[in-house]
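What follows is a set of notes on a single structure, which appears directly below.
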Amino acid sequence: MSMKWYVLYVQSRKEKKVANMLQDMQIEVYCPVIKEIRQWSDRKRTIETPLFKSYVFVRLNDKERQTVFGVPGVVRYLFWLGKPAVVRDEEINTIKNWLEDEDVEEITLSKLIPGDELYIKNGILKDHKAIIQEVGKKRMRLVIPGLGVVLNAKIKDVV
């Protein structure tokens with residue numbers, strides 16, 4: 001049986017803790033994080049926050065899906081069209097590449113709005129299998145259909 005990436009819905013603010021516990025169980029897990037600067041009254045601090053709030057990706061065989069429920073904080077699997085949401089390897093790799101790309105300055109997340117025309121027009125992901133829409137001169141949109149979300153990124157220099 002082939003391994004697939006599934007999307008786990010977890011308790012709020014428990015994403016990294018759940019990911020660490022799943023790793024300890026020898027389960028392949030991906031919890032993408034971004035760095036944010038938080039301002040307090042007396043100081044600024046850079047912290048890592050999950051890119052997808054309340055979501056963690058796990059790569060499992062279909063038969064192993066129940067094992068994740070032994071981890072505190074795991075709520076359920078995300079479903080899409082009546083079946084557990086499956087994210088393609090290419091989509092996970094695209095997220096990883098974007099987060100590692102030094103040209104990506106800022107990333108925000110919004111819900112997928114029906115009717116958006118999505119396409120890859122230019123840039124480092126030209127002709128890539130992911131679905132991308134150019135929003136402006138310095139913005140690109142990466143669509144992750146399996147999750148029903150749109151990932152927006154501000155780019156330093158678009159060629």
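The values are calculated or read from the model by the stated rules, or taken from the named source; none is laboratory data. Owing to the predicted nature of the structure, the values given are computational and were not obtained by experimental measurement. Backbone-built Cβ (ideal geometry, glycine too); neighbour counts: all protein chains shown. Just the protein is used for accessible areas: all its heavy atoms, side chains included, with ligands, DNA and RNA removed. Shrake-Rupley method; radii C 1.70, N 1.55, O 1.52, S 1.80 Å.
Assorted remarks:
- Residue check, residue 63 touching a residue at least 12 places away in the same chain (Cβ under 8 Å), open to solvent by 90 Å² or more (accessible area, probe 1.4 Å) and among the basic types (Lys, Arg): yes
- Among the residues of the range 26-48, those identified as over 11 Å from residue 7 (Cα atoms) and either of a type in the set (Gly, Ala, Ser) or touching a helix residue (DSSP H, G or I) at 6+ places or on another chain (Cβ under 9 Å) (or both) are 27, 28, 32, 33, 34, 41, 48.
- Restricting attention to the range 66-105, the residues being part of a strand (DSSP E or B), open to solvent by 50 Å² or more (accessible area, probe 1.4 Å) and of a type in the set (A, V, I, L, M, F, W, C) number 4.
- Check on residue 52, open to solvent by 30 Å² or more (accessible area, probe 1.4 Å) and not charged (D, E, K, R): no
- Of residues in the range 1-34 being more than 17 Å from the chain's Cα centre (by Cα) and assigned to a loop (DSSP other than H, G, I, E, B), the one surrounded by the fewest Cβ atoms within 10 Å (Cβ to Cβ): 2
- Among residues of the range 35-52, those that are over 18 Å from the mean Cα position of the chain (by Cα) and of a type in the set (Phe, Trp, Tyr), counted: 1
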